[in-house]
Amino acid sequence: MADEAFSTALRRVQHTAEAMRENIARVLIGKLDVIDLLLVALLSDGHVLIEDMPGMGKTMLAKALARSLGATFHRVQGTPDLLPTDITGVSYFDQRHNEFTFRPGPIFTQILLVDEINRATPRTQSALLESMAERQVTVDRDTMLLPKPFLVLATQNPVELEGTFPLPEAQLDRFLLCLQPGYPSEDEEQAILHRFKQEDPLETLQPVVTAEQVLELQFVIRQVYWQPEVERYLLAIVRATREHPAVQLGISPRGTLALYRTCEAFAAMHGRDFVQPDDVKRLAPSVLAHRLLTTTRTRLRGKRHVEIITEIIQATPVPVEMIAPPPGSR
């Protein structure tokens, strides 16, 4: 009976992911892989950093996700004069009631888009650390919980460096995934012209799932089964980052757990109750690459973090004998 209930819940995860994928794809054309990874982050209760050029649809992607989810959405524009209180909120003296009153900032939402996060100062960037890690905000010694689910989508331009403040390693480690969507193909760009010729499809987008249902699905994916061989395969990839000659600081246990959770979500989205080695290989670059701190020589040579993760994956033996999950393993 327990297995039957889990199978039913697993089908619900798959159907919900398909519905959200199709709904978001009505607005964002040709980026199904990016949409899938965004849904993985949502089901894994993690945050996403998007590195791409301006005008690539990052804001539209965040809005489409919020509308498909029926969630609250706020946007913050990163600028050098942005203050921490502009994000978290501020207490002010209410003369009418003769007391201090807290005015919540935009962080009190379910989906928060921080556009060009690297244009905000380190002090303002750090205001997001507590909320991203603990889903709470502390202002004037008072701690307030954030709504659930809570997802931060942050964007940054990987080309412009003037007037920016690179995110420190501790901040990057808070992001579950780092995505680099890239330019659309010629056919996709032509489809974009036709799709937006008459009206903005975002305006008519309707919710296909509630926030409460997402919370239930986040619990379901935790029951996805791991074979010991696949777990050791994941650990071998992570531990290899700590010994790679091009890496100064390898993946932390938080990064290991991030890859673990995303693989569970990815498997459940595709209707499987167990994780395959291909899931680990598929997600490792997006989950691990941005967490690496490479050596000075590696940076001078221009070697990208994704290339290092790819090398490690190719050099790590893949478990070949796969057996079915044993009964009662969940």
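The values are calculated or read from the model by the stated rules, or taken from the named source; none is laboratory data. Because the structure is a prediction, the values reported are computed rather than measured. When we count neighbours, we look across all protein chains shown, and the Cβ atoms used for this are built from the backbone with ideal geometry, even at glycine.
From the residues in the stretch 206-238 that are touching a strand residue (DSSP E or B) at 6+ places or on another chain (Cβ under 8 Å) and in a loop (DSSP other than H, G, I, E, B), which one is nearest to ASP33 (Cα to Cα)?
Checked the stretch 206-238; the qualifying residue nearest to ASP33 (Cα to Cα) is VAL224.
When you scan the stretch 61-74, how many residues do you find that are buried (at least 16 other Cβ atoms within 10 Å of the Cβ) and either farther than 20 Å from ARG26 by Cα or not small (Gly, Ala, Ser) (or both)?
7
Return yes or no: is LEU83 within 27 Å of VAL209 (Cα to Cα) and at pLDDT 85 or above?
In short, no.
Quick one: in the stretch 297-315, of everything that is closer than 21 Å to LEU234 by Cα and among the aliphatic types (A, V, I, L, M), which residue is surrounded by the fewest Cβ atoms within 10 Å (Cβ to Cβ)?
This residue is ALA315.
Which members of the stretch 17-35 meet the condition of being surrounded by fewer than 20 Cβ atoms within 10 Å (Cβ to Cβ) and in a helix (DSSP H, G or I)?
Scanning the stretch 17-35 gives GLU18, ALA19, ARG21, GLU22, ALA25, LEU32, ASP33.
Restricting to the stretch 288-303, name every residue that is among the hydrophobic types (A, V, I, L, M, F, W, C) and at pLDDT 85 or above.
If the condition is that a residue be among the hydrophobic types (A, V, I, L, M, F, W, C) and at pLDDT 85 or above, then LEU288, ALA289, LEU292, LEU293 are the ones that fit.
Would you check which residues across the stretch 106-123 are of a type in the set (S, T, N, Q) and more than 20 Å from the chain's Cα centre (by Cα) and list them? Give the derivation first.
Residues of the stretch 106-123 of a type in the set (S, T, N, Q): 109-110, 118, 121.
The answer is THR121, and nothing else.
I'd like to check something: does the stretch 50-63 contain any residue that is assigned to a strand (DSSP E or B) and not basic (Lys, Arg)? Before the answer, list the steps.
Applying the first criterion (assigned to a strand (DSSP E or B)) to the stretch 50-63 yields 50-51.
Remaining after also requiring not basic (Lys, Arg): 50-51.
For the stretch 50-63, residues assigned to a strand (DSSP E or B) and not basic (Lys, Arg): present.
Among VAL280, VAL318, VAL238, which is the only one that is closer than 30 Å to ASP3 by Cβ, among the β-branched types (Val, Ile, Thr) and buried (at least 20 other Cβ atoms within 10 Å of the Cβ)? Reasoning before the result, please.
Working: VAL318 fails: buried (at least 20 other Cβ atoms within 10 Å of the Cβ); VAL238 fails: closer than 30 Å to ASP3 by Cβ.
Checking each option against the conditions leaves just VAL280.
Across the stretch 110-123, what is the number of residues that are surrounded by fewer than 21 Cβ atoms within 10 Å (Cβ to Cβ) and part of a loop (DSSP other than H, G, I, E, B)?
Total satisfying the criteria: 3.
Are there any pairs with C-beta distances below 7 angstrom linking a residue in the stretch 137-148 that is farther than 14 Å from ALA127 by Cβ to a residue that is exposed (fewer than 15 other Cβ atoms within 10 Å of the Cβ) and of a type outside the set (S, T, N, Q), with the two at least 6 apart or on different chains, and if so which?
LEU145/ARG135; LYS148/LEU215
Can you find a residue in the stretch 77-94 that is in contact (Cβ under 8 Å) with a residue 60 or more places away in the chain, outside any loop (DSSP other than H, G, I, E, B) and touching a Ser or Thr at 6+ places or on another chain (Cβ under 9 Å)?
Looking for residues that are in contact (Cβ under 8 Å) with a residue 60 or more places away in the chain, outside any loop (DSSP other than H, G, I, E, B) and touching a Ser or Thr at 6+ places or on another chain (Cβ under 9 Å), one finds none in the stretch 77-94, hence no.
Every residue in the stretch 75-84 that is under 19 Å from VAL139 (Cα atoms) and not aliphatic (A, V, I, L, M), please. Don't jump to the end; show me each part of the working.
Residues of the stretch 75-84 that are under 19 Å from VAL139 (Cα atoms), as a first pass: 76, 82-84.
Scanning the stretch 75-84 gives a single hit, PRO84.
Quick check: anything in the stretch 257-267 under 30 Å from ALA170 (Cβ atoms), within 18 Å of the chain's Cα centre (by Cα), surrounded by fewer than 17 Cβ atoms within 10 Å (Cβ to Cβ) and without any contact (Cβ under 8 Å) to a residue 60 or more places away in the chain?
Yes, because at least one residue in the stretch 257-267 is under 30 Å from ALA170 (Cβ atoms), within 18 Å of the chain's Cα centre (by Cα), surrounded by fewer than 17 Cβ atoms within 10 Å (Cβ to Cβ) and without any contact (Cβ under 8 Å) to a residue 60 or more places away in the chain.
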